[in-house]
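Novice: I have a structure I would like to understand better, so I am pasting it below and will then ask my questions one at a time.
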Amino acid sequence: MRLDQYVSSSSPLSRKEAKRAIMAGRIRVNGPPCKLARQQVQEHDEVLFDGAPLTLPGESYLMINKPAGTLSATTDSDQPTVLDLLPPELAAGLHVVGRLDKDTTGLLLLTTDGQWSHTVTSPRRECPKCYRVDLAEPLTEQSRQQLEQGVMLKGESARTRPAAVAELSGRQILLTIHEGRYHQVKRMLAAVGNHVTGLHRQSIGSIALDPDLPAGGYRHLTQAEIDAVAG
C-alpha cells in the first residue's frame, strides 16, 4: 500500500492532506521521516504521524490466558494451538505477538495488525514482560543480584539486560525482563544455578492478564490497552 493511502486510511487526513503531511516530514516509517508519498508500506512497518502510531481500521486485538500444552502457533498438524481455542471466524488472520513455550501459561496477545505486533516486539522498545516463576530451589541473595545485574546465557556473548526481581514466597518470584531471547527466563535461572518448574506470564507492558479469564479464555483488548502498548 502507498504511504499516502496508508496515512489517509488510518487517520482523519484526506489523501491530499496526507501527501502534505508526508512532504512536511511529519510521517516516519521505521524511524526516519519519509517524504515519498508513493513509498510502499508493508504490514510490519511502523508508521508514525507526529510521533503517534497509525493503525489501519478493522484490525483485531485479543488477549488469551494460554493453558499449558498448547502451542503459540497459528497451525500445527499434530498438536493443539492457541488458535484452536478460538471460534474459526475470530481466529482468521490472527497471529501471535510474542510466543510462549508449550508448557508456559498466561498472557498471550493475538492480532491481525502486523504494525502493532512489530511495535510491541521490537527490541528497540524494550517492552517489559513480567513472569511468575516457580523454582526448584529458593532464590539466594547472590542469585537475585546476578539477575538484577544481568547474566551470561550459555552459548551467547552478551549479558542479559538487568531484570527486576520480587520474591513472592520461598520458591516463587516475579521476574520482569525487557528482552525476548529464546527460552530466556528458564536460561537465566539456569545461569544462576536454579531450575524453573513453572512459568506464567502476567503482563506485557501495561497490559495485564485479566484475572477473570480462565485457562483457555480470551477477550478483546480495550482501546486503552491497544494504545498503551504501542504508544
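Novice: Within segment 139-165, work out how many residues are under 14 Å from residue 179 (Cβ atoms) and touching a residue at least 40 places away in the same chain (Cβ under 8 Å). Break it down into steps so the answer makes sense when it comes.
Specialist: Applying the first criterion (under 14 Å from residue 179 (Cβ atoms)) to segment 139-165 yields 147, 150-153, 156, 158-164.
Narrowing further to those that are touching a residue at least 40 places away in the same chain (Cβ under 8 Å): 147, 151.
Within segment 139-165, residues that are under 14 Å from residue 179 (Cβ atoms) and touching a residue at least 40 places away in the same chain (Cβ under 8 Å) number 2.
Novice: Here's a check for you: in segment 148-170, which residue that is touching a Ser or Thr at 6+ places or on another chain (Cβ under 8 Å) and not in a strand (DSSP E or B) is nearest to residue 202 (Cα to Cα)?
Specialist: Among those residues, the one meeting the criterion is 163.
Novice: Looking at segment 177-203, which of its residues are surrounded by fewer than 17 Cβ atoms within 10 Å (Cβ to Cβ), of a type in the set (Gly, Ala, Ser) and closer than 14 Å to residue 137 by Cα?
Specialist: 190, 193, 198
Novice: Tell me, which residue of segment 84-99 that is outside any strand (DSSP E or B) and of a type in the set (A, V, I, L, M) is nearest to residue 215 (Cα to Cα)?
Specialist: Looking only at segment 84-99, we keep the residues that are outside any strand (DSSP E or B), and these are 84-94, 98-99.
Still in the running and of a type in the set (A, V, I, L, M): 85-86, 90-92, 94.
On the way: 85: 10, 86: 13, 90: 18, 91: 17, 92: 21, 94: 19 Å.
Selected residue: 85.
Novice: Working only within segment 163-198, note down all residues that are out of contact with any Cys (no Cβ under 9 Å at 6 or more places or on another chain) and closer than 15 Å to residue 98 by Cα.
Specialist: Answer for segment 163-198, where residues must be out of contact with any Cys (no Cβ under 9 Å at 6 or more places or on another chain) and closer than 15 Å to residue 98 by Cα: 179, 181, 182, 183, 184, 185.
Novice: Looking at (1) more than 23 Å from the chain's Cα centre (by Cα); (2) crowded, with 17+ Cβ neighbours inside 10 Å; (3) not in a helix (DSSP H, G or I); (4) not acidic (Asp, Glu), can you tell me which one residue 22 breaks?
Specialist: Answer for residue 22: the failing condition is (3).
Novice: Could you grab me the full set of residues in segment 204-231 that are in a helix (DSSP H, G or I) and surrounded by 14 or more Cβ atoms within 10 Å (Cβ to Cβ)? Don't jump to the end; show me each part of the working.
Specialist: Let us first name the residues in segment 204-231 that are in a helix (DSSP H, G or I), namely 223-230.
Across segment 204-231, the qualifying residues are 225, 226, 227, 229, 230.
None of the figures in this text is laboratory data; all of them are computed from the coordinates on show. Model, not experiment: these values are computed from the prediction. Heads up, the Cβs are rebuilt from the backbone with ideal geometry, glycines too, and the neighbour counts pull from every protein chain shown.
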